[in-house]
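Below is one structure; the comments refer to it alone.
The values are calculated or read from the model by the stated rules, or taken from the named source; none is laboratory data. Everything quoted here is computed from the prediction, not taken from an experiment. No Cβ is skipped: glycine too gets one built from the backbone with ideal geometry, and neighbour counts run over all protein chains shown. Note: accessible area is taken over every heavy atom of the protein model, side chains too, but ligands, DNA and RNA are not part of it. Shrake-Rupley method; radii C 1.70, N 1.55, O 1.52, S 1.80 Å.
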Amino acid sequence: MKYMKLLKNKKIKFSILAILLAFVGFIIYKNFADNKEDTSTQDSITIQAKRGTLKETVSASGQIETANYLTVTTSVNGIVNKVYVKEGDTVTKGQAIMDITLNSEGEESLASAWSSYLTAENALNSAETSLITYDSALTTAKEDFEDEKESNSYQSHDERISYSLSENSFEVAQENYNNQLSVISQKQTALNKAWLTYQAQSPTITAPGDGVIANIVVVGGMDITNSLSERTSSTVASIRKEGTPIASLNISEVDINKIQVGQKAKLTLNSIESKTFWGVVVGIDKIGVISSGVPNYPVIVKFDEDSNLVLPNMGVDADIIIQKKENVIYVPSAAIISNKGNKVVKVQNGEDISLVQVQTGITTNEHTEILSGIEEGTTVLINALPTSGFTNPDSEQGMGPGLIPGTGGGRK
């Protein structure tokens, strides 16, 4: 009985020992498998670390806000009689663009606008006439005050009263004169507004500024209808002025603090194929707007060059360069591996493959800067064919699928 119990205890001990051995063996096997996987060259490609220029960018999209186009509008009602210009013609401010035969509503609106203009003109003339009176009163009060200052000894009570009255009269006259100048300024503004209203009702439509006729949207015989009560207007043409287009880009809250005025931007438009534009950041809206619960911050970019292909409201994509570093060592970002909180790369030296810890700098869409760990020309491995890192960061176009700058060998 005692023997059986002892035998049973030995079997338990052997079972426990076997389990422990199996567990230790599994751990050793797993570590071996992991290490083997880390340094395996199967399904890998080799590439040499290169030296060159890297540009860290922020990508954004938006629209062309303006391309230096002036819209030509009219508020009249009638039929287009004659168009004097065509697309491509150069015009100057005030030049006649077209004539319109007014209907009864148009004639009534024109007469009303002319009456308002005459009323505003009479009000300005009256204010200017009143200024002459105020100017004369100011001159008299000033002369009296100067005489009072010379003759008054300011010794007696009556003299002090006389001095104060003379000074007060001068100050009142000065204030009345200044107030009348403000009235004249207001009347002049009202007159200008009345004239613009009259011009808007005029049967002759003129150019609002110098430039080139970009388009005409009406032809002879076309009816133009506007609401007099709601003061609507119709666009009849547009004039393109000299200058470069301006784009508004939407930047996320993650990237907005990276953007600064003066940064360069590469711009592309889907509507203009095979053409790259360059611009510069000229304005940043730090208040931002909320769209569908997502904050966006508009950034204004001015093009470096003009183009008649760029039109208002076109969609635009941009890469804003927020940092540029020259003469740095870099590898494709796909070569960087995270290993136990560190960044490493697989380095091949002959037949030997090892993991080397690196310190990284800026990262672009394709490449990562290497600050320390490997040198220029070091052969590194990438586990699988990357989807990025195939282009030279100094070039504008890629080198084609499967080609990586500095590749030192084929697939392993």
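Some observations on this one:
- The sole residue among 234, 274 that is among the hydroxyl-bearing types (Ser, Thr, Tyr), at positive phi, within 35 Å of the chain's Cα centre (by Cα) and modelled with pLDDT under 95 is 274.
- Set 253, 242: member being among the acidic types (Asp, Glu) and in contact with a strand residue (DSSP E or B) (Cβ under 6 Å, 6 or more places away or on another chain): 253
- Checked against the criterion of being more than 54 Å from the chain's Cα centre (by Cα), more than 29 Å from residue 91 (Cα to Cα) and of a type outside the set (Asp, Glu), the candidates 162, 126, 185 yield just one match: 162.
- Lone unmet requirement of (1) of a type outside the set (A, V, I, L, M); (2) buried (at least 16 other Cβ atoms within 10 Å of the Cβ); (3) closer than 30 Å to residue 145 by Cβ for residue 250: (3)
- Applying a threshold of 8 Å to beta carbon distances and a minimum spacing of six or more residues, or different chains, the list of pairs starting in region 161-178 at a residue that is in contact (Cβ under 8 Å) with a residue 60 or more places away in the chain and ending at one that is surrounded by 15 or more Cβ atoms within 10 Å (Cβ to Cβ) and not basic (Lys, Arg) is empty.
- Of the criteria (1) part of a helix (DSSP H, G or I); (2) under 47 Å from the mean Cα position of the chain (by Cα), which one residue 87 fails: (1)
- Pairs linking a residue in region 283-296 that is open to solvent by 60 Å² or more (accessible area, probe 1.4 Å) to a residue that is modelled with pLDDT of 90 or more, with Cβ atoms under 7 Å and 6 or more positions apart or on different chains, are 286/297; 289/296.
- Conditions (1) farther than 29 Å from residue 320 by Cα; (2) open to solvent by less than 90 Å² (accessible area, probe 1.4 Å); (3) modelled with pLDDT of 90 or more; number of the one not met by residue 358: (1)
- Each residue in region 73-116 was checked for being closer than 24 Å to residue 212 by Cβ, open to solvent by 30 Å² or more (accessible area, probe 1.4 Å) and in contact with a Phe, Trp or Tyr (Cβ under 7 Å, 6 or more places away or on another chain), and 1 pass.
- Residues (loosely packed, with under 15 Cβ neighbours inside 10 Å, of a type in the set (A, V, I, L, M, F, W, C) and more than 28 Å from residue 119 (Cβ to Cβ)) located in region 168-189: 172
- Considering region 322-349, and only residues there that are of a type in the set (Ser, Thr, Tyr) and open to solvent by 20 Å² or more (accessible area, probe 1.4 Å), the residue that is farthest from residue 52 (Cα to Cα) turns out to be 338.
- Figure legend. Inter-residue proximity from region 72-86: first residues over 14 Å from residue 234 (Cβ atoms), second residues basic (Lys, Arg) and open to solvent by 20 Å² or more (accessible area, probe 1.4 Å), beta-carbon distance below 8 Å, spacing 6+ or different chains. No pairs are indicated.
- Any hit, region 298-313, residues being of a type in the set (Gly, Ala, Ser) and closer than 24 Å to residue 276 by Cα: yes
- Which numbered condition residue 257 fails, given (1) open to solvent by 70 Å² or more (accessible area, probe 1.4 Å); (2) closer than 30 Å to residue 109 by Cβ; (3) polar (S, T, N, Q); (4) free of Cβ contacts under 8 Å to residues at least 12 places away in the same chain: (2)
- Filter pass, residue 368 being surrounded by 15 or more Cβ atoms within 10 Å (Cβ to Cβ), modelled with pLDDT of 90 or more, part of a strand (DSSP E or B) and touching a Gly at 6+ places or on another chain (Cβ under 8 Å): yes
- If the condition is being over 18 Å from residue 322 (Cα atoms), open to solvent by 50 Å² or more (accessible area, probe 1.4 Å), assigned to a strand (DSSP E or B) and not small (Gly, Ala, Ser), then region 266-282 contributes 273, 275, 276.
- Residue match in region 61-75 (condition: at pLDDT 90 or above, closer than 30 Å to residue 361 by Cβ and in contact with a strand residue (DSSP E or B) (Cβ under 6 Å, 6 or more places away or on another chain)): yes
- Taken over region 198-244, the criterion of being in a loop (DSSP other than H, G, I, E, B), out of contact with any Leu (no Cβ under 6 Å at 6 or more places or on another chain), open to solvent by less than 50 Å² (accessible area, probe 1.4 Å) and closer than 12 Å to residue 90 by Cα is satisfied by 207 alone.
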